[in-house]
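Please read the structure below before turning to the comments.
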Amino acid sequence: MRKILLAAALLATTPFAASAAETMSYTFVEGGWTQLQLDRNGADSKPKLDGGYLRGSFAIAEQVYVFGGYSMVSKTYTWDYYGYNGRLKQELRQPELGIGYHMPLTDRLDFTTDIAWLRINNEAKLSYDGEEVDRLKDHTNAGRATLGVRGKPSARTEAWLKAGYIDGSDMDGTWVGTLGGQVNFTQAWGLVGEVQAYDDVTQFSVGVRASF
């Protein structure tokens, strides 16, 4: 009798577990590796700055969420100048904060839109033989607005596509596009990958996401 009751309980909860696996969470944290690739007006040299990122999202209502993130990438150039060891280190730091809205189009597809503030901090340090001789800093404040779709091709995969516009101080307004996806190991944990491109910048990111 106990076995029959246990089997009935498992069968009763199966549809709920399946539907939970197919829902998309807008509350999560993630982090990993990121790379910025700069295209200098079609030049053969395309500097690549590597680093890491952290970001998260939190649902504050049924269809509204807030999000934020921080990334830092850097690249070091070295050379010899008449016996002096020259070193130039470039760092880019970018915090962002925003709010978004999503609306279901089907059981597995959402329409999404968001707006965000971001700040691009650029710093370059020049040194010879380990002694710093110069440092340059500048920053750009910008706003970004996007719209797109986010869906689940299968119970263990996710994909999203967004297009929008970014504009700010010391930069010309330009279109921005984002393509990303996730493969879930469990209902909570997944591997994410994303590509974002605007103007002469392409950013690649790979990380781990925990959804709640």
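The values are calculated or read from the model by the stated rules, or taken from the named source; none is laboratory data. Only a predicted model underlies this, so the values are computations on that prediction, with no experimental measurement involved. Glycine also receives a Cβ, built like all others from the backbone with ideal geometry; neighbour counts cover every protein chain displayed. Side chains are part of the model used for accessible areas, which takes the heavy atoms of the whole protein and leaves out ligands, DNA and RNA. Shrake-Rupley method; radii C 1.70, N 1.55, O 1.52, S 1.80 Å.
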Suppose the filter is open to solvent by 70 Å² or more (accessible area, probe 1.4 Å), modelled with pLDDT of 95 or more, touching a strand residue (DSSP E or B) at 6+ places or on another chain (Cβ under 9 Å) and under 22 Å from Gly68 (Cα atoms); does Trp160 pass it? no
Among Ala188, Ala197, Ala155, the single one that is over 19 Å from Gly68 (Cβ atoms), small (Gly, Ala, Ser) and loosely packed, with under 13 Cβ neighbours inside 10 Å is Ala188
The condition from (1) modelled with pLDDT under 95; (2) in a strand (DSSP E or B) that Trp33 misses is numbered (1)
Can you spot a residue in segment 173-184 that is among the aromatic types (Phe, Trp, Tyr) and at pLDDT below 95? no
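Does Trp175 meet the test of being assigned to a strand (DSSP E or B) and surrounded by 14 or more Cβ atoms within 10 Å (Cβ to Cβ)?
Values: assigned to a strand (DSSP E or B): yes; surrounded by 14 or more Cβ atoms within 10 Å (Cβ to Cβ): no.
So Trp175 fails the test.
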Based on this model, can you work out whether Tyr81 counts as hydroxyl-bearing (Ser, Thr, Tyr) and farther than 23 Å from Ala210 by Cα? yes
If you check Thr27 against the conditions, is it surrounded by 12 or more Cβ atoms within 10 Å (Cβ to Cβ), among the β-branched types (Val, Ile, Thr), within 24 Å of Lys152 (Cα to Cα) and touching a Lys or Arg at 6+ places or on another chain (Cβ under 7 Å)? no
